[in-house]
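The values are calculated or read from the model by the stated rules, or taken from the named source; none is laboratory data. Remember, predicted model here, so these are calculated numbers, not experimental data. These area figures cover heavy atoms from the full protein model, side chains too; ligands, DNA and RNA do not enter into them. Shrake-Rupley method; radii C 1.70, N 1.55, O 1.52, S 1.80 Å.
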Amino acid sequence: RPERKKTCVIVGAGIAGVSVAYLLAKDGWKVTILEKNPQGAARGMSFLNGGLLCPSLTMPWTNFSAVKLAMKAMFTESTVKVKPSALLDGYLWRWGAVFIRNILPSNVQANYTASYDLAEFSMGMMAAQPVVPA
């Protein structure tokens with residue numbers, strides 16, 4: 001029986017998503033990239049970060065002070081708004097429970113280590129596969 005081609009979906013067409021898609025396609029994968037921004041690729045965090053992947057900034061922002069800041073932003077005059085109907089969404093509450101579990105001090109170190117390892121791997125992949133201008 002013939003071998004099936006490996007397929008994957010990449011969410012986000014920023015620098016990381018496009019880089020991973022490129023390397024997977026080069027390795028023979030069938031890749032689909034999903035991007036929510038109608039203006040095109042690299043218009044979200046890649047744009048805001050100036051296209052930089054920075055392994056020195058790996059400490060997860062997920063901590064209790066971030067939760068306090070987010071709650072304050074959601075319920076005061078700010079650009080972040082929460083529709084009251086969203087508070088009835090069971091998925092939001094399940095996501096929130098997982099989020100809270102991951103910001104407990106006992107889990108922060110593991111998340112930091114995973115983020116650092118991913119950043120280090122990404123930097124190695126970028127160094128091994130330099131982009132050649134067209």
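Listing for the model above:
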item	result
Residue match in the range 5-18 (condition: charged (D, E, K, R) and modelled with pLDDT of 85 or more)	yes
Subset of the range 105-134 that is of a type outside the set (Val, Ile, Thr), open to solvent by less than 70 Å² (accessible area, probe 1.4 Å) and modelled with pLDDT of 80 or more - its residue that is farthest from VAL67 (Cα to Cα)	ALA110
